[in-house]
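All of the numbers you see were taken from the coordinates with simple rules; none came from a lab. The structure displayed is predicted, hence computed values, not measured ones. Glycine gets a Cβ as well: all are built from the backbone with ideal geometry, and neighbour counts include every protein chain shown.
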Amino acid sequence: MNVYDWDNTIYAGDSTADFIRYLFWHYPKTLLNVPRILVFGLGFVLHMVPKQTFKEQVFHLFVYVPDMMKATREFCISHLDHVKGFYQQKEDDVVISASPEFLVKEFGRLLHIQYTMASPVHQKTGRYEGLNCHGKEKVRRFYECFPKGEIEEFYSDSLSDDPLAKLAKKAFLVKKDQLVSWPK
């Protein structure tokens, strides 16, 4: 099986940031969350607030969206053009991402990607219901779903995914639309 990161790998850009901007534009009430984002953003930059706490405060804006399932679906449909040309979907592909699981799963559904894993974020409250799916947590989640899984090829834009890259027979670093061998 092939394993992919999502943002800046298959999806051109950061789908979570794009989704937040989409919500600000289409649901102006979400702008009420901006002061919270600024306060916790400053705390994060000053290393006073952990990354997951900051992200949770950003995601608090979900409470201002009356139908998050509809908003998610409409966003994903409108952003399918962000899927990079190199991606050739196979039946057993796995996508593992730090983005919210509900967002990655909806893209996966639209692209017929059967296996998606991402950060467990409650779609209505923005609260984490588990760990941010990043770094070694991606490896744990992979083996939780595929105890005997073998990764043929791995693709990511980020060296923070080195724990997964080390499990693959071949690993590629994605730089925009270019694939280069994973650094040793």
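Listed values, structure above:
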| item | result |
| --- | --- |
| Helix-only CD estimate at 222 nm, as mean residue ellipticity for the chain, using -39500 (n - 2.57) per DSSP H run (n ≥ 4) | -11000 deg cm²/dmol |
| Largest-first principal axis extents, alpha carbons of the stretch 26-99, Å | 42, 30, 18 |
| Residue exposure sequence - MET1, MET68, MET48 - by fewest surrounding Cβ within 10 Å | MET48, MET1, MET68 |
| Cut-off under 5 Å, modelled amide H: who pairs with MET117 long-range | VAL95, ILE96, SER97 |
| Nonlocal amide H pairs with ALA171, under 5 Å, H built at 1.01 Å | PHE154, TRP182 |
| In Hz, Karplus ³J(HN,Hα) per residue of the stretch 45-53 (6.51, -1.76, 1.60; θ = phi - 60°; x = Gly, Pro) | 4, 8, 6, 9, 10, x, 4, 5, 5 |
| The stretch 6-88, relative contact order [Cα under 8 Å, separation at least 6], % | 40 percent |
| Estimated dipole of the chain in Debye, rounded to 20 [Cβ of Lys and Arg +1, of Asp and Glu -1, Cα centre] | 380 debye |
| The stretch 44-99, dipole about Cα centre (Lys/Arg Cβ +1, Asp/Glu Cβ -1), debye to the nearest 20 | 200 debye |
| Beta bridge orientation in the chain: antiparallel %, DSSP, nearest 5 | 30 percent |
| Most to least packed among 77-90, 26-39, 100-113 [average Cβ atoms within 10 Å] | 100-113, 26-39, 77-90 |
| Ordering of 52-63, 5-16 by packing [mean C-beta count within 10 Å, highest first] | 5-16, 52-63 |
| Residue-by-residue Karplus 3J(HN,Hα) for the stretch 114-124, coefficients 6.51, -1.76, 1.60, Hz, glycine and proline x | 6, 10, 10, 9, 7, 6, x, 10, 5, 5, 9 |
| Hz values of 3J(HN,Hα) by residue in the stretch 4-11 - Karplus curve (6.51, -1.76, 1.60), Gly and Pro given as x | 10, 6, 9, 5, 6, 10, 7, 8 |
